[in-house]
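Beneath this line is the structure, given in structure tokens, with notes to follow.
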Amino acid sequence: MNDATPFGCQSAPVLRERGQHEVFCGLTGIVWLHRKMQDAFFLVVGSRTCAHLLQSAAGVMIFAEPRFGTAILEEGDLAGLKDANDELDREVARLLTRRPDIRQLFLVGSCPSEVIKLDLARAAERLTQVHAPHVRVLNYSGSGIETTFTQGEDACLAAMVPGLPSTDAANLLLVGALPDVVEDQARTLLAGLGIDHVQVLPGRRADQDPAVGPNTRYALLQPFLGDTAAALDGRGATRIAAPFPFGEEGTTAWLRAVAEAFGIDEATFARVTDAPRARARRAVAAAAETLAGKRITFLPDSQLELPLARFLSRECGMEPVEIGTPYLHAGLMGPELALLPQGARLSEGQDVDRQLDRVRADRPDLTVCGMGLANPLESEGLTTKWAIELVFTPVHFYEQAGDLAALFARPLRRKRILTDPAPLLLAENTPGVRGLAPASARE
Ligand code: SF4
């Protein structure tokens, strides 16, 4: 983007597609939710396919007693020959006897449980009566029929909202599951601004659940939490509208919106943010050298597409060609749309063949997409980035801004080295570094 680029896409046309889509289902969210909620267990009521997805996506759990599992629906259940509810009750009783550390149990619906119309809401109510007060049982759907992979978190958090304690106190609620270290950075910034009574949904443990009421103001940390936002609105809370805290500019705008909502003065804001802003700008500039002037397409996947396109265009000098997103929530995305460069093609939903045709015609320098589409595109000479990495990697707030830019720079550097091995040869022939590839080649 250059200085003359006009910004603002609030009234830009949106290409809406409703065809075949290629994206993980909402069960994937369990991979990061189970790490965040330390006394929760996620019991997927599904098939062996669901179990395999979880095990391969979260195969890291081999060293610890896992906090997710699958109650397998066998053929007899699917054919209606057995009472799946009785089996579910037995499975839950076995699990809770063996694992007294579990305080929250999520029954997670799947495609098979939806197909046989297993009523998990009723099952959760029934099981709560049996196992309360020690364990709270909730349910949500992670089915691929209904959800894309980040919507699993939205469905989980929305299911928690009705049970949150009530309060009339003025508090700030941060909404979204971030790694603890990043959440702590946000809390430190807010404490520096003088904002107390900060709580987070989801809490790290059941007894840290936030309270909510008519004097609660909440700020979303993730752009895919539309149902959770609606549920909080229903409890009388007020959303603080802001861009999302990606990159230096997004983090500053997010913090400023929160600061204004709490009446923090400009001098305090500058004192708290000036130094981390400068650090973030320096870190982003290092990666932006690789990104500036490059064209990028986002296929619809994580629902992070609009904020990331905003960050990459405004702070890294990239040119968004197409910004695809599974759902475009105009209310939550208003502040992001206002900052996007005009001229980028916006699309919502997917018709995968038509979208791939557009990618082939556009030939962007970088395509952000799901794992299933990355290999075919790479084989056609296109450079890709897996969207799922963006939810497994800490990318929010100032201290991660440089890492976020570097995530996009890495595949471009790798491509440059593969097509132009001169820097590699130079390192090989330089005394003292023989046999060492340059840092960028090792990334
Ligand atoms: S919920 Fe559906 S899409 Fe997801 S793993 Fe199970 S069967 Fe597959």
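Nothing in this text is a laboratory measurement; each read-out follows from the coordinates by a stated rule. Predicted model, so just to flag it, every value in this text is computed and none were measured. Here the Cβ is made from the backbone with ideal geometry for all residues, glycine too, and neighbour counts use every protein chain on show.
Quick look at the numbers
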item: Residue in region 384-398 that is touching a helix residue (DSSP H, G or I) at 6+ places or on another chain (Cβ under 6 Å), of a type outside the set (A, V, I, L, M) and assigned to a helix (DSSP H, G or I) present; result: yes
item: Near pairs, Cβ below 6 angstrom, 6+ apart or cross-chain, from region 133-155 (part of a strand (DSSP E or B)) to any residue that is within 16 Å of the ligand (Cβ to nearest atom) and of a type in the set (G, A, S); result: Y140/A155; S141/G109; S141/A155
item: Qualifying residue in region 171-192 (condition: more than 15 Å from the chain's Cα centre (by Cα), part of a loop (DSSP other than H, G, I, E, B) and surrounded by fewer than 23 Cβ atoms within 10 Å (Cβ to Cβ)); result: no
item: Among residues of region 96-132, those that are within 27 Å of the chain's Cα centre (by Cα), away from the ligand (no atom under 16 Å from the Cβ) and free of Cβ contacts under 8 Å to residues at least 40 places away in the same chain, counted; result: 2
item: One residue from F42, F24 being in contact with a strand residue (DSSP E or B) (Cβ under 7 Å, 6 or more places away or on another chain), within 13 Å of the ligand (Cβ to nearest atom) and either on the phi < 0 side of the Ramachandran plot or free of Cβ contacts under 8 Å to residues at least 60 places away in the same chain (or both); result: F42
item: Leading residue by the ranking (nearest to T325 (Cα to Cα)) among those in region 138-154 that are within 9 Å of the ligand (Cβ to nearest atom) and of a type in the set (S, T, N, Q); result: T147
item: Failed condition for M160, given (1) closer than 23 Å to R204 by Cβ; (2) within 16 Å of the ligand (Cβ to nearest atom); result: (2)
item: D301 being crowded, with 20+ Cβ neighbours inside 10 Å and acidic (D, E); result: yes
item: Positions within region 84-114 being among the hydrophobic types (A, V, I, L, M, F, W, C), part of a helix (DSSP H, G or I) and closer than 22 Å to L27 by Cα, in sequence order; result: A84, L88, V92, L95, L96, C111
item: Scope region 207-249; condition charged (D, E, K, R) and within 22 Å of the chain's Cα centre (by Cα); matching residues; result: D209, R217, D227, D233, R239, E248, E249
